[in-house]
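What follows is a set of notes on a single structure, which appears directly below.
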Amino acid sequence: MSLRGWCPSLAEPMPAADGLLVRLRPRLARLRAAEARLVADAAARHGNGAIELTSRGNLQLRGFSAASAVAAAAMIGHLDQPARRPQLLTAPLLGVDPAAHPAGEVLAAGLGAVIAALPAVSGRAEKFFITLDAGGAAGLGATGADIAITAAVPAMRDAGWVLRRDGDPHAVVCATDAVVGVVEGWLRDWLRAGVARMRAIGPGAAAAVRVGAAVPVHRIPGVAMVSVPFGAMDAARLRAIADRADPGDGVLRLTPWRVIMLAGVHADAYADAPAGAAVRACIGRRGCAAASTDTRADAAVLAAHFGADGDVHVSGCAKGCAHPMAAALTLVGRDGRYDVVVDGRAGDAPVREGLALADVVAQFGLHAGALA
Ligand code: SF4
């Protein structure tokens, strides 16, 4: 096993302040209830029990030693997408949403096979991701994907699918049976180019795929949306969510919105409203040596202040792990205080530096709420 300083996987844990961290990328961002319980067991038995749902619908497990990370990988490795290859992120209700394109599942299987057949590329495949959005009630929207595949709107459904490469302003529209071939060709281009992200081999135009995926704010009949505030939970919480999935179709659908969807569960869908879901925070100084602030505690203060609608990101440092995209307001921890970025990412230039949390609320509260 090797240790890496970025983009952890099950085979390549990342050191953190609370031990090694591993990342599981469940196929199609789904876990059956029994599989979720297995993940919970691996987290509790071999790690410190902390589990995080990431902005790409992955699960991070924390607090491992080198030996216990190997033991956890042996337990749950069969649930992971192929290592050192691009990730496929599918809309969470693929296959159960009658409003979605009916070929979504078939495409997902075809794309999964193409990705699995690619040669492993360590060091540059880990951040590369492909989105498949078949439309319907919980579409992915724009996520900053390297390759975005979106169903044509229902009125144009015969047109098939719209395919975009990040960095290329020109979309490709093609029928279902041509999608996998086009994407495979783009992936081969990317492999040959030897770059990390698709935008590096585009024609140099502005990014075609914009940022800003947001949790669906409407009810979805027959779907319970279980909030995971800041993406943080423990093994017991994951087991409890698995228990709630059993009366439905028994599947936990992991989303990029810090929400787990359960289909077929009789529930008031918004009883588990994603309160605070638009306020994102990394683990901060509780689990990362790069942080000097308690990001989760400060984010909870901001969520209470701005409500669920604030478009806010509290980052322990300029890396921006919890939300690599733009937000109306981004707080970047430094020396126990915050630099503030407006309408940008954690690594962008701040408009104010070295503010206490109370000063951020006083000076930027209106902006955070108004632009949500
Ligand atoms: S954003 Fe910085 S502080 Fe937060 S988890 Fe990532 S590296 Fe650590």
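The values are calculated or read from the model by the stated rules, or taken from the named source; none is laboratory data. Just so we're clear, the structure is a prediction, and the values are computed from it rather than from any experiment. No Cβ is skipped: glycine too gets one built from the backbone with ideal geometry, and neighbour counts run over all protein chains shown. For the accessible areas, the whole protein counts, side chains as well, though only heavy atoms, and no ligand, DNA or RNA atoms are used. Shrake-Rupley method; radii C 1.70, N 1.55, O 1.52, S 1.80 Å.
Roughly speaking, to the nearest percent, how much of the stretch 279-370's 1.4 Å accessible area is carbon and sulfur? Can you show the working numbers first?
Values: 2020 of 3880 Å².
Carbon with sulfur: 52 percent of the solvent-accessible area.
Work from the charge dipole of the stretch 87-201 (Cβ charges, +1 for Lys and Arg, -1 for Asp and Glu, about the Cα centre) and give the residue of V96, A148, W190 farthest towards its positive end.
W190
Which whole-angstrom value gives the distance between the alpha carbon centres of the stretch 229-249 and the stretch 1-76?
Here the two parts' Cα centres lie 16 Å apart.
Given just the C-alpha atoms of the stretch 87-201, how large is their convex hull per residue in cubic angstrom?
Values: hull volume 10.8 nm³, N = 115.
In the stretch 87-201, the Cα hull volume divided by residue count equals 94 Å³.
What part of the accessible area of the stretch 87-201, given as a whole %, is carbon or sulfur when the probe is 1.4 angstrom? Before the final figure, lay out the partial values.
Values: 2610 of 4400 Å².
For the stretch 87-201, the apolar C and S fraction of the accessible surface comes to 59 percent.
Keeping every protein chain present and rolling a 1.4 Å probe, give me the accessible area per residue for the stretch 279-370 in Å².
Details: 3880 Å² over 92 residues.
Per-residue accessible area for the stretch 279-370 comes out at 42 Å².
What dipole magnitude, in Debye to the nearest 20, does the stretch 279-370 give about its Cα centre under +1 on Lys/Arg Cβ and -1 on Asp/Glu Cβ?
Details: 9 positive and 10 negative charges, 66 e Å.
The dipole of the stretch 279-370 has a size of about 320 debye.
With each label point set 7 Å from Cα along the Cα-Cβ vector, what nm distance links R188 and K319?
3.6 nm
Assuming 0.36 nm per residue, please report the length gained on full extension of the stretch E353 to A113 beyond their Cα-Cα distance. Each step should come with its number before you reach the end.
Working: separation 240, 0.36 × 240 = 86.40 nm, distance 4.75 nm.
Separation in residues times 0.36 nm, less the Cα-Cα distance, equals 81.6 nm.
Compute the accessible area per residue over the stretch 87-201, keeping the other protein chains in place, probe 1.4 Å, unit Å².
Details: 4400 Å² over 115 residues.
Value for the stretch 87-201: 38 Å² per residue.
No solvent, one uniform scatterer per C-alpha: report log10 I(q)/I(0) for the stretch 279-336 via the Debye equation at q = 0.14, 0.16, 0.29 1/Å, two decimals.
Summing over Cα pairs of the stretch 279-336 leads to -0.30, -0.39, -1.18.
Round to the nearest 0.05 the FRET efficiency obtained for A289 and V173 when R0 = 51 Å and r is the Cβ-Cβ distance. Spell out each step's value before the answer.
Values: r = 47 Å, r/R0 = 0.93.
That pair, A289 with V173, gives E of 0.60.
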